[in-house]
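> This is the structure, below, for whatever I ask next.
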Amino acid sequence: MQQREAFVSKQLLSGNEAIAQGAWEAGVAVGAAYPGTPSTETLENLVKKSDVYCEWAPNEKVALEVGLGASMGGARTLVTMKHVGVNVAADPFMSAANTGVGAGLVLLAADDPSCYSSQNEQDSRHYAAFGRIPCLDPADSQEAYEFAQRAFEVSEQFDTIVMLHETMRIAHTRTMVDVNGERTVCEPDAYESRPEKYVMMPANAVRRTLVANEREDALVAWAEESDLNREEMRDTQVGIICAGALYTHVREALPNASVLKLGISWPLPPAKIRSFAGKVDKLYVVEEACTYFETRVRALGVDVSEPPAGRLPRSGEVTPAHIRAAFAIEEPAHLAPAEGLPPRPPAFCAGCPHRLVYCELRRIKAIVTGDIGCYTLGAVAPYRSVDSVIDMGASLSMAHGMELAGVAERSGRPVVGVIGDSTFAHSGITSLLGTVYNGGKGTLCILDNRTTAMTGTQGNPVNGVTLTDQAARVNPLDVPAGKQLDLVALCEAIGVDEVEQVDAQDLRAIRAALKRATKATDKLSVIIFKSPCRLIDRSRKPMPTIHDCRRCGTCVRIGCPALGKDETGHPVIDPTQCIGCGQCVQSCPFGCIHEED
């Protein structure tokens with residue numbers, strides 16, 4: 001090991017920034033991820049540091065497999081993903097829990113209570129318990145920084161992948177961090193082939209399960225003694241078990257309560273929990289989104305009381321106000337909320353290339369199976385044209401299922417699957433392959449806006465921008481064609497009957513393509529609607545003008561935030577938002593909106 005010169009400084013860091021710093025100081029050499037809120041910024045910060053390689057993977061399963069390979073090869077590795085990404089990575093995750101690791105391997109799982117940017121809530125710590133691997137739960141950015149370093153030590157000490165668990169509140173809240181700045185560079189040992197450890201054929205898998213059994217016993221003993229679990233005795237009338245961001249909320253809401261803060265959320269320390277329970281009059285568990293801790297504490301035979309004024313919420317974030325209410329603590333005075341503020345529902349940006357596609361799908365009354373991304377907003381007003389959004393890649397598979405159920409014939413409405421470019425690369429390719437393989441018919445649309453827009457315009461295989469390129473601020477619209485996935489060629493190679501690429505800003509071309517595809521019920525048609533996201537193409541054209549308007553309202557119904565009505569009902573264009581895309585010009589049935597030269 002080589003030590004670099006250290007420095008100590010105080011820095012205001014988010015949890016994600018702190019994890020990146022801690023991992024770098026721990027000597028991480030490889031980072032892999034698929035971007036997903038609230039985990040994304042971790043690798044975006046790690047890639048900026050020296051002596052570490054980072055990449056966006058097509059999906060979370062691939063990211064973890066890359067990480068396991070790097071670990072097996074002797075490089076400390078950090079793999080990051082959001083909670084639903086852990087579902088995608090579950091296959092290699094469960095095998096890695098058996099095989100163990102080479103160099104330290106840490107999986108950052110970022111949960112999203114309250115579904116701020118997700119299709120569901122889940123507690124990823126259940127996966128840690130399922131795989132019987134250690135799970136560390138930092139309560140603020142300082143602990144995120146420290147736990148990231150400890151996680152690699154634990155990984156190598158116990159020959160196991162380690163889960164570093166955070167929620168949105170930890171990931172995106174900034175707190176002060178004492179940063180050391182000293183990086184430990186771990187030179188990998190000479191590679192040694194160990195098929196008995198890494199080849200998970202049944203005989204080897206059984207033997208590795210026995211190793212995992214022994215490791216579990218060792219981990220429980222470690223959890224009992226670890227300083228990551230901390231007992232804080234105050235007023236013994238009330239004892240609270242909590243972890244993560246909930247620790248800081250408990251300290252704010254119940255400053256006098258005794259607390260058992262669990263920095264290790266798997267395995268739990270049975271003796272320490274029983275000991276703490278015996279020191280307090282009543283024991284409570286404060287957690288959010290599920291009963292992960294409560295179920296396990298009760299299973300130890302420890303009595304858990306209900307809060308005196310009612311249970312805490314079982315979904316969404318738990319705030320200090322929720323805790324005070326559950327314990328009948330008077331809420332401190334707050335300023336009254338502002339009144340009369342206009343609502344701000346989510347909407348496509350001005351000039352978004354998805355808008356006209358959804359306007360046309362609405363016009364033809366299509367049944368749309370949707371997917372995860374900005375284009376999920378096709379489900380809300382004014383489009384209201386998306387019938388399902390389940391998981392990444394589901395749109396194409398579900399459209400095939402709709403075809404098998406004969407929905408189009410019975411309803412007289414076309415069924416159209418809609419997916420984005422990054423999501424198609426993530427898990428849509430296999431869905432499309434399944435439809436082709438089984439002779440499926442119908443219409444599928446790939447909305448190629450040249451980026452992974454919803455999580456912050458990250459690169460993906462379709463636009464060819466790598467994480468290293470992104471860190472170097474490579475223009476996503478100026479990437480060599482050889483690095484970009486050719487969607488037309490791919491669809492043709494898979495065996496799609498009809499493939500067409502259309503300018504997503506050309507309403508006539510969109511209308512014609514959808515008409516052709518939905519009428520050809522005996523074929524499988526894929527339409528690639530291509531035009532860059534407005535967040536990466538910020539070019540502007542002159543604002544159009546409105547003359548002799550008939551006030552039919554068609555232009556306003558395209559849902560552009562730059563279009564509205566004045567007090568007389570006359571449409572107006574907001575010059576601060578309009579980018580001159582021409583969507584309203586094309587939508588006006590009477591030619592009352594004119595583009596300026």
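Here, each number is a calculation from the coordinates, and none is a lab measurement. Please read all numbers here as calculations on a predicted model, not as lab measurements. When we count neighbours, we look across all protein chains shown, and the Cβ atoms used for this are built from the backbone with ideal geometry, even at glycine.
> Peptides 300-308, 134-142, 264-272: what's the order by average Cβ count within 10 Å, highest mean first?
Values: 300-308: 13.3, 134-142: 25.4, 264-272: 20.8.
In descending order of packing, they fall as 134-142, 264-272, 300-308.
> Related question: As a test, work out the antiparallel percent of DSSP beta bridges whose residues both lie in the chain, rounded to the nearest 5. Walk me through the numbers before you get to the answer.
Values: 20 of 73 bridges.
In the chain, approximately 25 percent of DSSP beta bridges are antiparallel ones.
> To one decimal place, what orientation-averaged projected area in nm² is obtained for the convex hull of the Cα set of the range 2-225?
Details: hull surface 47.7 nm².
Computing the convex hull of the Cα atoms and averaging its projections yields 11.9 nm².
> Based on DSSP H runs of at least 4 residues, each adding -39500 (n - 2.57), what is the mean residue ellipticity at 222 nm of the chain after dividing by all its residues, to the nearest 500 deg cm²/dmol?
Using -39500 (n - 2.57) per qualifying helix, the result is -9500 deg cm²/dmol.
> Next question, about the same structure. Specify the angular offset, from 0 to 90 degrees and rounded to the nearest 10, of the alpha carbon long axis of helix 141-157 from the longest principal axis of the alpha carbons in the chain.
70 degrees
> Calculate the length of the line joining the C-alpha centroid of the range 363-384 to that of the range 166-212, in whole Å.
So the separation of the two Cα centres works out to 41 Å.
> Arrange Thr518, Thr295, Thr173, Thr167 by Cβ neighbour counts within 10 Å, fewest through most, would you? List each step's numbers first, then the result.
Values: Thr518 20, Thr295 11, Thr173 17, Thr167 26.
The order, fewest Cβ neighbours first, is Thr295, Thr173, Thr518, Thr167.
> While we're looking at this one, here's another question. Hey, rough spin-label estimate for Ile494 and Ala328, points 7 angstrom out along Cα→Cβ, what's it come to in nanometres?
6.0 nm
> Let me ask something else about it. Rank Leu487, Phe424, Gly370 by how far each Cα sits towards the positive end of the charge dipole of the range 355-530 (+1 on Lys, Arg Cβ; -1 on Asp, Glu Cβ) and give me just the farthest.
Gly370
> Tell me the label-point distance for the pair Ala190, Arg363, using the 7 Å Cα-to-Cβ offset, in nm and rounded to one decimal.
Simple spin-label model gives 7.1 nm for this pair.
> If a/c stays under 1.5 just call it rounded; otherwise compare a/b with b/c (prolate if a/b is bigger, oblate if not). Do that for the range 290-416, with a ≥ b ≥ c from the square roots of the Cα gyration tensor eigenvalues. The partial results should precede the final answer.
Numbers: a/c = 3.83, a/b = 1.73, b/c = 2.22.
Taking the square roots of the gyration eigenvalues as a ≥ b ≥ c, the range 290-416 is oblate.
> Right, something else. Need the C-alpha centroid separation for the range 42-86 versus the range 323-349, integer Å.
Between the Cα centres of the range 42-86 and the range 323-349 lies a distance of 38 Å.
> Let me ask something additional. Return one number: the angle in degrees, 0 to 90 and rounded to the nearest 10, between the long axis of the Cα atoms of helix 202-225 and the longest principal axis of the Cα atoms of the chain.
60 degrees
> Among DSSP beta bridges lying fully in the range 231-326, give the percent that are antiparallel, nearest 5. Display every interim value, and only then the final one.
On the way: 2 of 11 bridges.
Here the antiparallel bridges make up roughly 20 percent for the range 231-326.
> Something else: Put +1 on the Cβ of each Lys and Arg and -1 on the Cβ of each Asp and Glu in the chain; which of Asn256, Ala408, Ser395 then has its Cα farthest toward the positive end of the dipole?
Looking along the dipole axis, the top candidate is Ala408.
> Towards the positive end of the charge dipole of the range 545-594, with charges on Cβ (+1 Lys, Arg; -1 Asp, Glu), say which of Thr568, Thr545, Ile558 has the farthest Cα.
Ile558
> Run the quick spin-label model on Ala379 and Ile536: label points 7 Å from Cα toward the beta carbon, then report their separation in nm to one decimal.
2.5 nm
> Need the full-extension length gain, Asp178 to Arg311, defined as separation in residues times 0.36 nm minus the C-alpha distance. One decimal, nm. Don't skip to the answer; put the middle values down first.
Details: separation 133, 0.36 × 133 = 47.88 nm, distance 3.68 nm.
Full extension of this stretch gives 44.2 nm more.
> Mean projection of the alpha-carbon convex hull of the chain over all orientations, in nm²?
Values: hull surface 128.2 nm².
Value for the chain: 32.1 nm².
> At 0.36 nm per residue, minus the direct Cα-Cα distance, what do Phe590 and Lys10 gain on full extension? Give it in nm, one decimal, please. Write down the numbers at each step before the final one.
Working: separation 580, 0.36 × 580 = 208.80 nm, distance 6.23 nm.
In short, 202.6 nm is gained.
> Follow-up question, since we're still on this one. What ranking do 108-116, 369-377 get when scored by the average of other Cβ atoms within 10 Å per residue, highest first? List each step's numbers first, then the result.
On the way: 108-116: 22.9, 369-377: 24.8.
For the peptides 108-116, 369-377, the packing ranking is 369-377, 108-116.
> Can you tell me the length gained on complete extension of the stretch Lys48 to Asp566, counting 0.36 nm per residue apart and subtracting the Cα distance? Let's see the in-between values first.
Values: separation 518, 0.36 × 518 = 186.48 nm, distance 4.79 nm.
Full extension from Lys48 to Asp566 adds 181.7 nm.
> Between the helical axis of 15-25 and the dominant principal axis of the chain, each derived from Cα atoms, what acute angle in degrees is found, rounded to the nearest 10?
60 degrees
> Ranked from highest to lowest mean number of other Cβ atoms within 10 Å per residue, what is the order of the peptides 319-328, 353-362, 395-404? Spell out each step's value before the answer.
Details: 319-328: 18.1, 353-362: 24.5, 395-404: 22.9.
The peptides rank, most packed first, as 353-362, 395-404, 319-328.
> If you average the C-alpha positions of the range 98-126 and of the range 546-581 separately, how far apart do those two centres end up, in angstrom?
A separation of 44 Å, based on Cα centres.
> Further question on the same structure: Assign unit charges at the C-beta atoms only (+1 for Lys and Arg, -1 for Asp and Glu), then state the dipole size of the chain relative to its Cα centre in Debye, rounded to the nearest 20. Mind dumping the intermediate values first?
Numbers: 58 positive and 74 negative charges, 353 e Å.
Dipole about the Cα centre, nearest 20: 1700 debye.
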